[in-house]
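Report on the structure given below.
The values are calculated or read from the model by the stated rules, or taken from the named source; none is laboratory data. All values reported here derive from a predicted model rather than from experimental measurement. Here the Cβ is made from the backbone with ideal geometry for all residues, glycine too, and neighbour counts use every protein chain on show.
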C-alpha cells in the first residue's frame, strides 16, 4: 500500500485492485488514480491483492478488506474505488465491510463522461450508457442507491427512479435509443454526401490525453478545439477542414479518446460517433512518445479499432510530444512517407508540415482545374456538377467556364476542355 497525505478535498479515496500477475496491474491502478483526479477525488492510498481470480461476493478477500478498513480509519477516506467492473451485490458486500461508499472503474468513467459531454447527442449517449449499466445492478445495489445524496456515481439519471421504477428506465432507454438512431441516420447521410462529393476524411484516434486535440489545432489553424492536460478533456466529436493549397475539402475528425477497460455500454452508446473512424479514408493514430505505457496504450487502441471494424484502415502512426527528445524530429521524419510513421510536437509545431503534406498527398485525389465547356455539351456540365465540387461557374461567349476539383480520370475524360 502506498499511503498519501490525508485529503483536504471533499472526497478522498482508496483505490483497490487485483494483481493477477500480468505485470500491468500497478499501471492500471496509476491510471485509475488519474481518472479519480480528473473527477476531483484525492487518492489517499492504493491497495493490490495477489489473487488467481476475483472473489465472487466481495471482489477481494474479506480479511484484506478489513485491513483496508483499519488503514482508512480516521483518515477522512470516504470512497473506495475498485479497478474493475462490479456487480451490485459486490458493491453492497464491500460497503458493509468498509463502511464507506464503493464505486467501480466503470462508474467513475461514466461520471467523467457525464461531466464532459456538452452536446445534446453526447449527453444522451452518456445517459444511455449509465442506464444500461445500472439497470441490471439495481437489486444488488439495494440501499446503496437510495442513500447516495451526491458525488461521484450519482451524476445523470436520478437514483430514486433507478431503484423504484424499472419500467420507467426501460422506457427512457427506448426513447434515448430512438433519438440516437435518428442522429445516427443524419450522421450517415452526412458521410454519404461527403463520399458523393469526393470529400476525403481523416480521423484522429488514440489513447486519451495523447494530444489529438492539440494536433487538430495545428492541422486546422482555425479549429479552436478545447485542449487541457487531463483525461477525456474533449468528448463530443469535432470536424474541421484541413487547410491546403489545392483548395480541396479535406475533413479532420477528432473522436473520443480510448482507455483500457473502456465500458462496453459506453462503446455501444458512442458507436455512431466512433464510426467516423470506420468510414474515414485515413486514420492518424496519435500516441504520447514520452509515456512509459505507450506501447500498451497502442495495443488497447488497436483492439478497440478492431472491435469497431477499422483494424485494416490505412493508418499513419503519429508519435507526439517529441519536443526536447534527443535527435532531430526532421531526421526522424526523413523516411516517414514510406514507413507511415511520423514524429511531431503538437506543442511547438515540429514535424507538422511533413505530416500535413503526407496526409494531403495520401487522401487528395483531385486537382483544381479550369474547364471551358461548349454549350453544346451540357451533359458534361451536368456530370461535373453531380460528381465534383464546383468552385466557380461563369457563362462566356464560347461556353461555360468551370473552376472545379476533379480527379485524374475526369481530367483525361475532359482533357480537350481544360484551359491551362
Item checked: Any chance residue 237 is farther than 21 Å from residue 322 by Cβ, crowded, with 19+ Cβ neighbours inside 10 Å and at pLDDT 75 or above -> no
Next item on the list: Under 6 Å between Cβ atoms, at least 6 apart or on separate chains: pull out the pairs that start in the range 170-194 with a residue that is farther than 16 Å from residue 121 by Cα and end on any residue that is surrounded by 11 or more Cβ atoms within 10 Å (Cβ to Cβ) and at pLDDT below 85.
Entry: 191/279
Margin query: For residue 59, only one of the following conditions fails: (1) modelled with pLDDT under 90; (2) in contact with a helix residue (DSSP H, G or I) (Cβ under 9 Å, 6 or more places away or on another chain). What is its number?
Written below: (1)
Note to self: Every residue in the range 338-362 that is farther than 18 Å from residue 243 by Cα, surrounded by fewer than 17 Cβ atoms within 10 Å (Cβ to Cβ) and in contact with a helix residue (DSSP H, G or I) (Cβ under 9 Å, 6 or more places away or on another chain), please.
What the structure shows: 340, 341, 347
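So which residues in the range 363-387 are over 30 Å from residue 342 (Cβ atoms), modelled with pLDDT under 85 and surrounded by 13 or more Cβ atoms within 10 Å (Cβ to Cβ)?
Taking the range 363-387 and keeping what is over 30 Å from residue 342 (Cβ atoms), we get 369-387.
If we keep only those that are modelled with pLDDT under 85 as well, we get 386-387.
Selection gives 387 alone.
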Check: Among 152, 103, 81, 112, which is modelled with pLDDT of 95 or more and either outside the structural domain of residue 26 (by TED's automatic domain parsing) or surrounded by 17 or more Cβ atoms within 10 Å (Cβ to Cβ) (or both)?
Finding: 81
Checklist line | Within the range 254-272, tally of residues that are part of a helix (DSSP H, G or I), at pLDDT below 75 and surrounded by 22 or more Cβ atoms within 10 Å (Cβ to Cβ) | finding: 1
Next item on the list: Could you tell me whether residue 278 is in a strand (DSSP E or B) and either within 16 Å of residue 206 (Cβ to Cβ) or in contact with a helix residue (DSSP H, G or I) (Cβ under 6 Å, 6 or more places away or on another chain) (or both)?
Entry: no
